[in-house]
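Every number in this text was worked out from the coordinates using simple rules, so none of it is lab data. Keep in mind it's a predicted model, so treat the numbers as computed, not measured. Here the Cβ is made from the backbone with ideal geometry for all residues, glycine too, and neighbour counts use every protein chain on show.
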Amino acid sequence: MSTRARALAATIAAGAVLAGCGSTPEFRPLAADRSVPVELAASQYDVRVDERQVGHVKVWSIGSPPRDAQLPAERKRLLQIGMRIRNDGEVPMRLDLSATDLEVHTDEDRIFVIDAPVQVNGLVDVGPGRIERIELLYELPAGVRLKQVLGYELVWALEAGEQRVTRSTMFRRAEDDRGYYYYPYGYPYGAPYLGAWGTYPWGLGFGAGYRAGYWW
C-alpha cells in the first residue's frame, strides 16, 4: 500500500472510531453547567419549608451503573440515578419512593413511565443533621435499548415533617447537550510532478475523513 493510501486509510479509520465512540451513551442533567465534566454534572435544589431553607438535594446520573457493580439486571438495561439529601432542619426527611417515578423518552417519540426502581442502595430516611446518599436503579422496559434513549426525567417527592416538596430532574444525552457533532471533510493530496505538458502543483488524489465540532 502506498504512503498516501495508508494515510487515507488511517484517516478514515480514525473517523470511524470517532463516529463509533459513545456506543454506550452517557447522560447528564439538563440544568447542569455544560462546562462541568459529565461525571461531575449534577442538579442542585434547596429544600425550603415555610420560606426557610431546611436542607439540600443533589441529583446526578450518567446513565448505566458502573461495570463492577452488583446489578439486578444486565447493565445495558439499567439507568442509575444518584441522590444526596442533606437535612439541615429539626424534623426527619424521607424520599417518598411511592411518589417517585422515571419517565423515559426514546427515539420515534416514545415515552415510558417506570413506576418503581428495581434496586435502591442507601437510606431514604434522613434524620436531622444527617446526609444520606441513595442510588436508584431503574430497568428499561422490554424491547427498549439504552442506545434508543434520548433522555429521561426523574419526578421525585421529599417529605420534611408534615411538609412535602416535589421536584423533577431531567437528563439528556451528553453529546446532544453540548451540541457535539461530526462532519465529513475532504482535501487534495499529492506533490509537484513533471507531466507531458509541464510541471503541475499537485498530483491527482483526494482524501476524506471526519472532524468533530460544537454547535456553539
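Some values worked out for this structure:
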| read-out | value |
| --- | --- |
| Built amide H within the under 5 Å cut-off of Val118, gap 5+ | Leu137, Tyr138, Glu139 |
| Computed over segment 77-154: relative contact order in percent, which uses C-alpha pairs under 8 Å that are six or more apart | 44 |
| Within-15-Å neighbourhood charge of Ile85 [Cβ basis; K, R +1; D, E -1] | +2 |
| Proportion of all alpha-carbon pairs of segment 25-177 beyond 25 Å (%) | 28 |
| Separation of alpha-carbon centers, segment 19-89 and segment 115-132, rounded to whole Å | 14 |
